[in-house]
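Data first, discussion second: the structure below is written as structure tokens.
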Amino acid sequence: MSVAHDGADGQGPARLEVRKTHKLYVGGAFPRSESGRSYPVADAAGGFLANAAMASRKDARDAVVAARKAFDGWAAATAYNRGQVLYRVAEVMEGRRAQFADEVSRAEGLDAASAAAVVDAAIDRWVWYAGWTDKITQVAGAANPVAGPYFNLSLPEPTGVVAVLAPQASSLLGLVSAVAPVVAGGNTCVVVASETRPLPAVTLSEVLATSDVPGGVVNLLTGITGEIAPWLASHEDVDALDLAGAAPVPAIPGSGLDWAALEASAAATLTRVLRPAGSGPASDPSGAVEPDWTAVPDGPRRILAFMETKTVWHPKGR
Amino acid sequence: MPSFEYAPAPESRAVVDIRPSYGLFVDGDFSPAADGAALKTVNPATEEVLSEVAVAGEADVDRAVRAARSAYEGVWSRMSGTQRGKYLFRIARIIQERARELAVLETLDNGKPIKESRDVDVPLAAAHFFYHAGWADKLAWAGLPVPAGRAEPQPCGVAGQVIPWNFPLLMLAWKVAPALATGNTVVLKPAETTPLTALLFAQICQQAELPPGVVNILTGAGATGAALVAHPGIDKVAFTGSTDVGRQIARTVAGSRKKLTLELGGKAANIVFDDAPIDQAIEGIVNGIFFNQGHVCCAGSRLLVQESVADEVVSRLRHRMAQLRVGDPLDKNTDIGAINSQAQLSRIVELAEAGEREGAIRWSPPCTLPDNGFWFAPTVFTDVSPAHRIAREEIFGPVLSVLTFRTPQEAVTKANNTPYGLSAGIWTEKGSRILWMADRLRAGVVWANTFNRFDPTSPFGGYQESGYGREGGRHGLAAYVREA
């Protein structure tokens with residue numbers, strides 16, 4: 001953002017920019033937090049960037065309601081239709097490439113070239129997932145040769161409403177890598193953006209709002225991850241939980257979450273849990289790490305993590 | 001009209017030799033529990049004591065997990081998939097050879113009719129081992145994650161498995177076969193009331209010369225299972241049982257890196273439309289809830305019948321129920337055997353009484369129940385509302401709750417109105433309606449114009465609080481291999 005200063009030719013101060021109010025994205029609209037709170041977001045060097053909405057428990061619950069409402073329609077859309085909608089998201093992201101690069105650069109302290117590379121990777125990642133929507137069934141489904149005169153088919157289906165704790169460090173590429181597979185499979189989601197780097201997520205929500213994505217399919221909350229996450233983990237109408245955002249930001253000591261507590265809380269309603277990357281248990285400080293998001297995803301693994309297998313039988317007979 | 005009385009047709013007990021006591025099967029041999037604890041297992045049809053089995057304590061669990069780890073590292077993980085598969089083929093063939101013995105033993109220990117243990121449980125168990133034997137050296141083609149630097153999927157290591165009493169041998173097969181095929185070793189705890197076929201299976205492992213420690217069987221009760229699941233040496237936990245215990249296990253493993261799959265309860269809707277072929281539908285309803293005395297997680301315990309045919313269906317159902325034979329499980333003509341335990345019987349009685357108290361109408365055919373043993377007559381409740389306990393809670397007994405609907409959408413809404421999601425049944429002649437309903441029913445297994453069909457190639461498991469993960473088929477292998 002630019003600072004007003006005297007014009008060198010003495011014509012008075014340069015134009016004051018109009019700064020964005022960063023709000024939540026719920027049900028296709030941009031409400032402020034019902035709590036009225038916000039919190040300051042800093043750039044990688046510690047300078048003030050903006051105030052972001054600080055989502056509350058009620059915002060999270062409202063978002064779950066919006067996601068549940070959108071689920072039937074999104075899950076019933078044809079895979080082709082979902083693929084086209086996701087591809088359009090990538091089209092609109094491409095149009096905002098410069099804006100995203102600027103925001104990622106400030107948030108993560110990257111130079112211009114590195115930030116541009118991250119944005120390019122994020123857009124390409126979105127395109128990659130758009131292409132999976134109508135293939136996942138063929139890859140993960142099966143006709144099963146049962147020992148009797150029955151037609152028998154197993155197919156993947158979206159699990160429902162997924163709560164995603166977006167990665168803390170990788171504010172755009174990591175975010176896209178967590179959200180795109182969830183919706184590609186037909187789920188709807190409530191996403192908690194990176195706590196310290198939420199602004200690219202807000203811009204992404206603007207992209208989603210203008211890309212034919214039905215309201216409520218993706219809901220984005222900014223705020224304190226540790227405050228909101230427990231309410232989503234224990235929520236009885238959340239079907240699955242992605243704990244990627246539990247991994248700490250290496251540059252910020254103590255920034256990780258107690259993901260064991262979140263997983264235990266999710267157990268009450270058998271919420272499906274995708275644990276954060278890493279090899280150690282939650283009690284181990286290095287138990288959760290943020291993976292290298294530039295690596296090519298391991299096939300449809302992240303899509304299938306949020307899908308159920310349904311097997312249908314029917315007798316064969318004249 | 002002459003009435004046809006069936007002559008008794010008892011299956012002989014002589015085929016099976018039950019020892020007076022059994023130890024724990026650890027590291028290839030039987031040994032007593034470290035503290036000498038034991039429990040008795042009874043025949044639920046007569047309450048006679050069949051045998052005494054050891055109760056594994058923490059020290060025994062530790063010894064078994066160490067034996068499984070040692071076998072994994074020293075032998076099983078170094079063995080090629082082809083050789084592993086050949087052990088499983090041996091086990092499958094021995095199960096087939098000793099099929100009658102296993103069936104009779106299962107009926108004695110569990111209470112289920114010999115018709116079912118002989119024709120369903122044991123053959124499916126053998127088939128499960130046979131199917132998984134073939135996967136052992138083909139995992140690279142199964143669509144599973146492959147860790148960086150490896151050529152094929154990798155096992156988790158040591159699996160801790162806890163199984164229920166309703167299909168003791170079959171549940172053992174569902175757990176052990178895929179675990180071994182993918183290269184894991186196992187410590188398995190059979191249910192407290194049905195340990196005997198697991199112990200005979202241990203003898204089959206000895207006959208097959210399975211390397212010691214690859215399969216370990218720890219008999220015991222809830223505490224043994226809890227100790228096993230919590231043991232730090234376990235990499236993968238698999239549980240089949242109640243939703244409540246499933247929740248506790250999920251909490252126990254939270255924060256560890258143990259993989260977990262759960263097969264829990266259900267309250268399946270069996271949906272009958274007005275165009276369903278009525279005789280087939282009646283058989284499907286009866287099979288859905290009275291097979292295995294209703295001790296089936298995927299039992300069709302809620303009949304959703306279209307209003308226009310409700311009276312006719314219920315009337316024919318009662319007529320059919322009156323032909324069901326309740327009695328000696330070893331008699332080949334028996335349809336409905338004994339309830340597995342006093343505890344389970346008490347639960348069924350309590351829920352049935354709740355059904356009456358809440359205003360549903362209860363009916364059972366007249367039948368003489370034996371004096372000894374645990375018995376419950378097949379029962380149907382009509383005038384059931386979705387709010388009744390008997391419409392919401394899993395009874396796990398031969399009790400059917402009947403509700404009605406008018407439109408397909410209403411049937412879907414009522415069927416999905418449950419925190420469970422294991423199975424569902426659809427009865428209609430209209431193909432497009434079958435597919436429409438199947439799409440909308442939130443259940444892991446949908447049986448259309450059939451019910452209670454199982455196969456090792458067919459993935460089985462639930463949505464929501466019926467658990468997560470699948471058993472059987474290509475999908476069932478995923479539980480037992482490491483993430484990439």
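Straight-distance candidates among the aspartates and glutamates for linking to A:Lys20, with alpha-carbon spacing under 13 Å and chain neighbours fewer than 8 residues away dropped: A:Glu103, A:Glu206.
With 18 Å as the limit, the listed pairs B:Lys175/B:Lys267; A:Lys310/B:Lys258; A:Lys23/A:Lys58; B:Lys267/B:Lys332; B:Lys86/B:Lys138 have B:Lys175/B:Lys267; A:Lys310/B:Lys258; B:Lys267/B:Lys332 beyond it between alpha carbons. Start at zero, step by 10 Å, and the Cα-Cα distances of region B:64-166 spread as 13, 32, 33, 18, 3, 0 percent across the bins. Between region B:364-382 and region A:186-218, the C-alpha centres lie 58 angstrom from each other. Computed about its Cα centre, the charge dipole of the protein assembly as shown is approximately 820 debye, with only Lys, Arg, Asp and Glu carrying charge at their Cβ. Size check on the protein assembly as shown: the Cα extents along the three principal axes, sorted descending, read 115, 65, 46 Å. For region B:1-73 and region B:303-332, write down the distance between their C-alpha centroids in whole Å. If we compute the Cα centre of each part, the gap is 34 Å. When nucleic acids and ligands are ignored and a 1.4 Å probe is applied, B:Ile163 ends up with an accessible area of around 10 Å².
Taking the Cα centre of chain A as reference, the dipole from Cβ charges on Lys and Arg (+1) and Asp and Glu (-1) amounts to some 960 debye.
Contact with the other protein chains removes 40 Å² or more of accessible area, compared with the isolated chain and a 1.4 Å probe, from these residues of region A:282-318: A:Arg301, A:Glu308, A:Thr309, A:Lys310, A:Thr311, A:Val312, A:Trp313, A:His314.
For region B:260-343, dividing the convex hull volume of the Cα atoms by the residue count gives 136 Å³ per residue.
Two-decimal Rg/Rh of region A:54-208 from alpha-carbon positions, Kirkwood Rh? Using Cα coordinates only, the ratio equals 1.06.
Here region A:192-283 is assigned +1 on the Cβ of each Lys and Arg and -1 on the Cβ of each Asp and Glu. Its dipole about the Cα centre then comes out at about 260 debye.
Ranking B:Leu303, A:Leu257 from most to least accessible surface, computed with a 1.4 Å probe over the protein chains only, gives A:Leu257, B:Leu303. Got a number for carbon plus sulfur as a percent of chain B's accessible area, 1.4 Å probe? Summing carbon and sulfur atoms, their accessible area is 51 percent of the total for chain B. Restricting to chain A, what percent of DSSP beta bridges are antiparallel, rounded to 5? About 55 percent, rounded to the nearest 5. A DSSP coil position with no more than 12 other Cβ atoms inside 10 Å describes none of the trypsin sites (Lys or Arg not before Pro) in region A:279-310.
The residues B:Arg150, B:Arg406, sorted by heavy-atom accessible surface at 1.4 Å with ligands and nucleic acids left out, run B:Arg406, B:Arg150 from largest to smallest. For the segment A:147-159, counting C-beta atoms of other chains within 10 Å of every residue's C-beta and taking the mean gives 4.
Relative contact order for region B:324-476: 14 percent, from Cα pairs under 8 Å spaced at least 6 residues apart, divided by residue count. Rolling a 1.4 Å probe over the protein chains gives A:Glu206 an accessible area of about 40 Å². Of all DSSP bridge pairs formed entirely within the protein assembly as shown, close to 40 percent run antiparallel.
A convex hull fitted around the alpha carbon atoms of chain A yields 147 Å³ per residue.
Based on the Cβ-Cβ distance of B:Ile278 and A:Thr294, what FRET efficiency does E = 1/(1 + (r/R0)^6) give at R0 = 56 Å, to the nearest 0.05? The computed FRET efficiency comes out at 0.35.
The values are calculated or read from the model by the stated rules, or taken from the named source; none is laboratory data. Remember, it's a predicted structure, so these values are computed and weren't measured experimentally. Quick reminder, even Gly has a Cβ in these numbers, built from the backbone with ideal geometry, and neighbours come from all protein chains shown. Protein only, heavy atoms only, side chains kept; ligands, DNA and RNA dropped before computing areas. Shrake-Rupley method; radii C 1.70, N 1.55, O 1.52, S 1.80 Å.
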